[in-house]
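Chemist: I'd like to ask you about the structure that follows.
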Amino acid sequence: MKITKTIESDKTILTVDGRLDTTTAPELAAAIAELDGGVKTLVLDFKDLEYVSSAGLRVILSTHKKLDAEGGKLIIAHPNDMIQSIFALTGFIEILNIED
Amino acid sequence: MRRTFQKWLLIFVSIAFLVTFVTFFIVLWNGAVGDVKTNVQTTLETTQNSIETNYYNLEQTLEESKKDTANKAQSASLILLSEAQSEAEGTGSFMMERHLAIDFNSLYSEAFPNDTEIVTYDENGEVPNPLEGYSPSDLFSDSSSRSASQKYQLFDQYFTLYVKPIMEKIYPIATGVKATSLHLIDPGQVINPATDINNPEAGGYILGSTTIGYFGYDMYNRNLDSSNPNYNQQSVDFMNYIYSSQEATYAQDILIDSSGQSWQYAGIKLNDSNIGVIQVGTNPEDILERMERLSFENLIKPITISNAGKIIYAELEDYEIDGKVYKKHIIKGITNEENASSSWIGKPLEEYGVSEEYLSSSWNEDHFSNFNCGGHESFVSFVRGSNTLTADPSDDYVLIATVPFIDAFASEITSLISLTIGTLFLFIVIFILISLLVQRIVINGIYQVNSSLKQITNGNLDVIVDVRHNKEFRDLSDGINTTVSALKRFIEEEKNRNAQDLALAKSIQSSSLPTLFPPYPERDEFNIFAKMDTAKEVGGDFYDFFFIDGQRFIFLIADVSGKGIPAALFMMRAKTLIKSLAETRTKSPAQIFYETNNSLCENNDSEMFVTAFMAMVDVSSGELTYVNAGHNPPIVVLNNKASYLKASPSFVLGGIKNFKYKEEYLKLAPGDSVYLYTDGVSEATNEKEELYGEDRLLKLFDDIVSPIDDEEMILTISKDIDNFVAGYEQSDDITQVCFTYLAKSSNLKDMHKLFLSTNDETLDTLTALISKELEDCGADKKDIYNITLVLEEVFANIKNYAYGGKVGHFIFAYQIKDEQFSMEFIDYGVEFNPLTKNDPNIALKAKDRPIGGLGIFLVKSLMDDVSYQYYDLANHLKMRKRLKIKKSEN
């Protein structure tokens, strides 16, 4: 899995390529933890993400919760159909800010 | 080798040097003696020649002197004779004139030098004085005024009174002699030089002389007795001889008068006249001189014979010792005397050290001997000689030469020393040169060859001997190299042959063992893995496993004593026996061993034996029956705990006949393992000669999680053994068999079964595998996604929770059939039914949503059918999904 960080004036973008599974989920968690505190808007760009499993979902949820508590925002960008359906299945679709 | 050669060379050179030295010494010694002899002889001869030449010379001179004086007499007589003749013939005034010419004063003083009264002898030898009362000065003094004629008269008177009476008495002719007959001879006018000319007339009276005092002198000394001190033997002899001699002239020998003056007289007889005899006297001074020179001191003194050597001149003489007189050789002269005060002169030669015997007898031919002369041991030689001058035997002399040894050898010693040093130096140089030369040519070459050979001996057959500095060594090097090459070739061929035999034996051995794993893929009741690492030589280990019927499975391990082909053959026998007996299906393990043992005991000339452990397991129940014939007790993993299986030891197979083997029982639960090994494992040795040991082996089972992966376990153990041994040569076969019991029954028919560990890699492998399988079937992408997602969730669950976080193993079975995908996860961990968990409330807000619980929810949601069972000590989670198969485009 490859994570690319882009910092824009109003948001930080983490582009996640590959697979977000039990093996790689900790990497994403670590990358997010590394971000400076006070990140208002974090965008997780999933345009090249093939796959997400429950481990990935956990990271996403906890990140969402944290930012929410801090007054920030988590945006999930460009998830593919299958990931979308997982989000739907698990009800994450209601919780997350998903941008196509 | 260098040392030996140098030692011998040194010995040789030393001997050569010594021989040379001794030769030099002998040669020099003889040379010295020879030199001394020659020196002595030569010196003696030279000295003797010198002496005798001088004698001869003197003789000659004396003869010549006589001749000379005689010639003078001859010439004087001729002159006087002619004068006398002329007087006799003619004038008669000769005498007178002569007389008148005389200066009376000088005549007087000459005649009467003492101015004493005229004295004369009478017939008694007394001194009568016819002119008594007259002093000569009265007669002849200058102050006298007498005239010449007066003086003549006086002289006549003198003659008449004095001379004539005597003459008349003795010689009648004398009466006719007149005063005028006297004549004074002027020697200068007659002969020059002559000191004395006398003219005694026939009667013997001197009438004419150069000396007035001689006038009237009676040459015959008739008035005197021969005992009278005034008796003049010489004049008497002269007169007697001249008148008896046939010769006209007569020369006397030299005489020396009282004042030390030497005289030699010669005379001539004038027979036909009254003139008588003319006598001439001369002073032969040079003769004296020569005689002086003849003296021994002057002749021999300058001769040197050696540093301290001496020439001694000795004559035989009477010598008095203690009152008795002996005839001894007395030293008359000796050269080279250090101390003039204590001279040897006058002492007998005997005292000096040279014996009389030696001098008088005929010694050795060359008179060469040695005596202690004056304190020095010396070489001595002598010559005898005679005094040719006197021709008197009593004047015979002996010349002795002495050369002290020290002198003789002085120069020799110097020569010897310098020769020795020179030779020593030479030989040292020779030694060094030869040493270096041989070193260079031979020894270095030999050393190099030897060192190469040593390397070859130590096993390095690739070493080339390359010593090429001369032809011999080139040949040697080439010879050795050719030999070594040939040897290498033979060794290679032999090795190859051996290797071939070995390979054949090994292939026989290994081909008889089951090596295909997994051996029963369709059976999932157990896993088994076996591995044999053979040692260099063909060993006697073997293992075997086989089903004897649908449920009963036998696995065994064995170790034949010995190595090589005999062991391999024995092994084959044992293996075949066991298997064939087992396949009868009617015999228990103990029975099988009993019969195998008996069979092996027969025809066992080589007295080999085999240790073995055999287990028979009913895979449907897990019941295991085992028997151990002297083999290492196996490790059993029961309920996740490893330990050595206690088996009552039985004797080896092929040992003693009719041995009753005892079998024992064990019940295996799913997940339990049995690990068999041979002593190649426990006795693996490292460099420090430590053994691997049973404890170390058991320790590897410490952190295991049942069920273990048999292959993984065996490989881990092998690796650990390798690390321990660290390259040290393996001496024995290392054989291992690992058996893991899994489940009683199999619902997994027709399913692909995988025995996997809970490592992260497994997930990737599994995912990749299933993805591909589904893709190949033409499954929908979404289905693939969902199924792999479910795979991951279940896997994660097992990985994280089944074995308490430790890495364990699980069985994954799957099947794609009739457009349906089914899979089953079987893990032996804690009993856990994931389906009992409540679904998460997906409607909850984010902050209210718990993090966990999603996994199983997804599983349940995404799969068509999920079921869980716990049996055979294992969790079984089964899932099914219908696939949407894409129809392939045509």
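The values are calculated or read from the model by the stated rules, or taken from the named source; none is laboratory data. For clarity, every value in this text was computed on a predicted model and none was experimentally measured. Cβ atoms come from the backbone with ideal geometry, glycine included; neighbour counts cover every protein chain shown. Only protein heavy atoms, including side chains, enter the accessible area calculation; ligands, DNA and RNA are left aside. Shrake-Rupley method; radii C 1.70, N 1.55, O 1.52, S 1.80 Å.
Chemist: For a quick check of your reading of the model, give me the residue pairs whose first member lies in the range A:1-15 and is in a loop (DSSP other than H, G, I, E, B) and open to solvent by less than 50 Å² (accessible area, probe 1.4 Å), whose second is of a type in the set (S, T, N, Q) and modelled with pLDDT under 90, with beta-carbon atoms closer than 6 Å and at least 6 apart or on different chains.
Modeler: Cβ pairs passing all conditions: none.
Chemist: Further, regarding this structure: Restricting attention to the range A:41-52, which residues are surrounded by 20 or more Cβ atoms within 10 Å (Cβ to Cβ) and either within 24 Å of B:D839 (Cα to Cα) or within 10 Å of chain B (Cβ to nearest Cβ) (or both)? Working first, answer last.
Modeler: Residues of the range A:41-52 surrounded by 20 or more Cβ atoms within 10 Å (Cβ to Cβ): A:42-46, A:49, A:51-52.
Those that are surrounded by 20 or more Cβ atoms within 10 Å (Cβ to Cβ) and either within 24 Å of B:D839 (Cα to Cα) or within 10 Å of chain B (Cβ to nearest Cβ) (or both): A:Y51, A:V52.
Chemist: Would it be correct to say that A:A88 is more than 14 Å from chain B (Cβ to nearest Cβ), free of Cβ contacts under 8 Å to residues at least 12 places away in the same chain and assigned to a helix (DSSP H, G or I)?
Modeler: On the way: more than 14 Å from chain B (Cβ to nearest Cβ): no; free of Cβ contacts under 8 Å to residues at least 12 places away in the same chain: yes; assigned to a helix (DSSP H, G or I): yes.
So A:A88 does not fit the description; no.
Chemist: Which of the residues spanning the range B:359-378 are open to solvent by less than 30 Å² (accessible area, probe 1.4 Å), at pLDDT below 80 and not in a loop (DSSP other than H, G, I, E, B)? Spell out the reasoning first.
Modeler: Just the residues of the range B:359-378 that are open to solvent by less than 30 Å² (accessible area, probe 1.4 Å), to begin with: B:359, B:368-369, B:373, B:378.
Now drop any that are not at pLDDT below 80, which leaves B:359, B:368.
Result: B:L359, single match.
Chemist: Quick check on my filter: what residues within the range A:58-74 are open to solvent by 10 Å² or more (accessible area, probe 1.4 Å) and either of a type in the set (D, E, K, R) or facing another protein chain (nearest Cβ under 7 Å) (or both)?
Modeler: A:R58, A:S62, A:H64, A:K65, A:K66, A:D68, A:E70, A:K73
Chemist: Among the residues of the range A:80-89, is any within 11 Å of the chain's Cα centre (by Cα) and surrounded by 14 or more Cβ atoms within 10 Å (Cβ to Cβ)?
Modeler: Applying the first criterion (within 11 Å of the chain's Cα centre (by Cα)) to the range A:80-89 yields none.
No, every residue in the range A:80-89 fails to be within 11 Å of the chain's Cα centre (by Cα) and surrounded by 14 or more Cβ atoms within 10 Å (Cβ to Cβ).
Chemist: Let me ask something else about it. Scan the range B:431-476 residue by residue and report those that are of a type in the set (D, E) and assigned to a helix (DSSP H, G or I). Show your work before the answer.
Modeler: Initial filter on the range B:431-476 (of a type in the set (D, E)): B:462, B:466, B:472, B:475.
Matches in the range B:431-476: B:E472, B:D475.
Chemist: Any idea which residue in the range B:797-848 is farthest from B:F526 (Cα to Cα), counting only those that are within 13 Å of another protein chain (Cβ to nearest Cβ) and in contact (Cβ under 8 Å) with a residue 24 or more places away in the chain?
Modeler: Applying the filter and picking the extreme gives B:P834.
Chemist: Need at least 1 residues that are open to solvent by 30 Å² or more (accessible area, probe 1.4 Å) per element, so show me which strands (runs of 3 or more DSSP E) inside the range B:618-716 make the cut, counting only ones lying wholly within it.
Modeler: B:623-629, B:635-638, B:641-644, B:663-667
Chemist: Can you go through B:F724, B:F755 and tell me which one is open to solvent by 20 Å² or more (accessible area, probe 1.4 Å) and either in contact with a Cys (Cβ under 6 Å, 6 or more places away or on another chain) or not in a helix (DSSP H, G or I) (or both)?
Modeler: Values: B:F724 fails: either in contact with a Cys (Cβ under 6 Å, 6 or more places away or on another chain) or not in a helix (DSSP H, G or I) (or both).
Answer to the selection: B:F755.
Chemist: Which ones in the range B:251-267 are in a strand (DSSP E or B) and surrounded by fewer than 21 Cβ atoms within 10 Å (Cβ to Cβ)? Explain how you work it out, then say what you get.
Modeler: Going through the range B:251-267, the residues in a strand (DSSP E or B) turn out to be B:251, B:255-256, B:262-267.
Within the range B:251-267, B:L255, B:I256, B:S262, B:W263 meet the criteria.
Chemist: Out of B:A503, B:A486, I need the residue that is open to solvent by less than 60 Å² (accessible area, probe 1.4 Å), part of a helix (DSSP H, G or I) and at pLDDT below 85. Which one? Steps first, please.
Modeler: Working: B:A486 fails: at pLDDT below 85.
Criteria check complete, one pass: B:A503.
Chemist: Can you find, within the range B:829-851, the residue that is modelled with the lowest pLDDT among those that are of a type in the set (D, E) and in a loop (DSSP other than H, G, I, E, B)? I'd like the intermediate steps shown before the answer.
Modeler: Kept after step one, since they are of a type in the set (D, E), are these residues of the range B:829-851: B:831, B:839, B:848.
After this cut, where a residue has to be in a loop (DSSP other than H, G, I, E, B) as well, the list is B:831, B:839.
Values: B:E831: 89, B:D839: 72.
Out of the qualifying residues, it is B:D839.
Chemist: Identify, from the list B:Q815, B:Q736, the residue that is open to solvent by less than 40 Å² (accessible area, probe 1.4 Å), in a strand (DSSP E or B) and not assigned by TED's automatic domain parsing to the domain that holds B:V560. Let's see the steps before the verdict.
Modeler: Details: B:Q736 fails: not assigned by TED's automatic domain parsing to the domain that holds B:V560.
Residue meeting the stated conditions: B:Q815.
Chemist: Right, next: So which residues in the range B:433-464 are surrounded by 15 or more Cβ atoms within 10 Å (Cβ to Cβ) and of a type in the set (G, A, S), if there are any at all?
Modeler: B:S435, B:G445, B:S452, listed by residue number.
Chemist: I want to confirm something. Restricting to the range B:761-781 and keeping residues that are without any contact (Cβ under 8 Å) to a residue 24 or more places away in the chain and charged (D, E, K, R), which single residue is most open to solvent (accessible area, probe 1.4 Å)? Reasoning before the result, please.
Modeler: Of the range B:761-781, the ones without any contact (Cβ under 8 Å) to a residue 24 or more places away in the chain are B:761, B:764-765, B:768-769, B:771-772, B:775-776, B:781.
If we keep only those that are charged (D, E, K, R) too, we end up with B:761, B:764, B:772, B:775-776, B:781.
Details: B:E761: 117, B:D764: 89, B:K772: 117, B:E775: 115, B:D776: 108, B:K781: 143 Å².
Looking at the filtered set, the residue picked out is B:K781.
Chemist: Which of the residues that make up the range B:527-576 are of a type in the set (S, T, N, Q) and either in a helix (DSSP H, G or I) or under 17 Å from B:D710 (Cα atoms) (or both)? Outline the logic, then answer.
Modeler: In the first step, residues of the range B:527-576 are kept if they are of a type in the set (S, T, N, Q); the result is B:527, B:534, B:551, B:561, B:576.
Listed by number, the residues that qualify are B:N527, B:T576.
Chemist: Working carefully through the options A:A77, A:A25, A:A55, A:A31, find the one that is of a type outside the set (V, I, T), more than 14 Å from chain B (Cβ to nearest Cβ) and within 23 Å of B:D760 (Cα to Cα).
Modeler: Details: A:A77 fails: within 23 Å of B:D760 (Cα to Cα); A:A25 fails: more than 14 Å from chain B (Cβ to nearest Cβ); A:A55 fails: more than 14 Å from chain B (Cβ to nearest Cβ).
The conditions single out A:A31.
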